[in-house]
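Chemist: Before I ask anything, here is the structure I am working with.
Derivation of every value follows stated rules applied to the coordinates shown; laboratory data play no part. Fair warning: this is a prediction, and the values are worked out from it, not measured in the lab. A quick note on method: Cβ atoms are made from the backbone with ideal geometry, for glycine too, and the neighbour counts reach across all protein chains shown.
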Amino acid sequence: MLDSNAMGKVTRTAQAKAAQLLDPVNEIAVKRYRTLFLSDLHLGARGAQAELLLDFLKHNDADKVYLVGDIVDGWRLRNGWYWPQAHNDVVQKLLRKARKGAHVIYVPGNHDEFARDYTGLNFGGVEVVDHALHETADGKTMLVIHGDQFDIVVRNARWLAFFGDWAYDFAIVVNTWFNRARRMFGVGYWSLSAWAKLKVKNAVNFIGDFENALASEAVRRDVDGVICGHIHHATIKTIQGKLYVNTGDFVESCTAIAEHDDGHFEILRWQTTAAEREAAAAAQRVKALPAPRAAAA
Ligand SMILES: [Mn+2]
């Protein structure tokens, strides 16, 4: 608590921002949000941007942190252990946030499906749930779910719409058992995005189909919107009258979603932010250099 207060003070003032530019190493400005949503970190995979993610976690804090699936890439780890120090540091940093009083909620995805066996449990202050209902500051109820549950629906969106509700429910059950069976028999996860990339013609429609499937789920559950991940494509928009929020990923785009104190959501694009900060710090260093002694000539 004391720690987060101190960090809050740093954020508040403009001087702090200037100080951060002068000394980017020692003076770290931390932004505090009501809630942070992160997904698709894929720790354990070589593509994971653990260093940038660590930088993100150092500069951003929240009362509540949702980890919206594919945090650890269990499928990759199965084919050979890859766990560098930076990946460990990310886990430590998240656990540290929990210890410092943040409410950390872990909603597993398909790549960390093993964690779904532990829903309802709490590990070091991290609560594992299948999905969650998040109440925003302005009273919206948001379904928080990874999104892979709807792969089969997305893939068959057109004929499922024709058959109606029972086919939809059935498809979701089949999807769950299909992936469970693949895991049991040690077969890799069937990837929706890989499938979409193969069928190039459908790749364009694929994001739209996914977004529609998730918005439909919000309609079915009679909530105000949905917050998901899975397709590595951060967005905030309204679909079918529901708020559709996608956290993106920390493999390619390095995005996260923040909920501000008034309940509105924002996409944080950390690659851009980190690059801008580096550029500003570099410019500051150049300015700090002693001016060339023109008079000596
Ligand atoms: Mn996924």
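Chemist: Using a 10 Å cut-off on Cβ atoms, rank the peptides 61-73, 90-102 from the highest mean neighbour count down.
Modeler: The peptides rank, most packed first, as 61-73, 90-102.
Chemist: With the crude spin-label approximation of a point 7 Å out along Cα→Cβ, what separation in nm comes out for Lys100 versus Ala137?
Modeler: 1.9
Chemist: Between segment 211-261 and segment 103-147, what's the alpha-carbon centroid distance in Å?
Modeler: 15
Chemist: What is the gain in length, in nm to one decimal, between Lys93 and Gln271 on full extension, counting 0.36 nm per residue of separation less the C-alpha to C-alpha distance?
Modeler: Length gained, Lys93 through Gln271: 62.2 nm.
Chemist: List the residues, sorted by chain then number, that are 5 or more residues from Cys254 or on another chain and whose placed amide H is less than 5 Å from its amide H.
Modeler: So Cys254 has HN proximity to Asp249.
Chemist: What full-extension length gain, to one decimal in nm, is calculated for Asp261 and Arg34 as 0.36 nm per residue of separation minus the Cα-Cα distance?
Modeler: 81.2 nm
Chemist: Kindly state, to the nearest 0.05, the FRET efficiency for Gln284 paired with Ile236, given R0 = 22 Å and r defined as their beta-carbon distance.
Modeler: Once the sixth-power term is evaluated, E becomes 0.10.
Chemist: Express the relative contact order of segment 29-178 as a whole percentage, based on alpha carbon pairs under 8 Å and six or more residues apart in sequence.
Modeler: About 19 percent, as a whole number.
Chemist: Students often get this wrong: which residues of segment 47-75 have the backbone nitrogen under 18 Å from the point 7 angstrom along Cα-to-C-beta of Tyr118?
Modeler: Those under the cut-off are 65-75.
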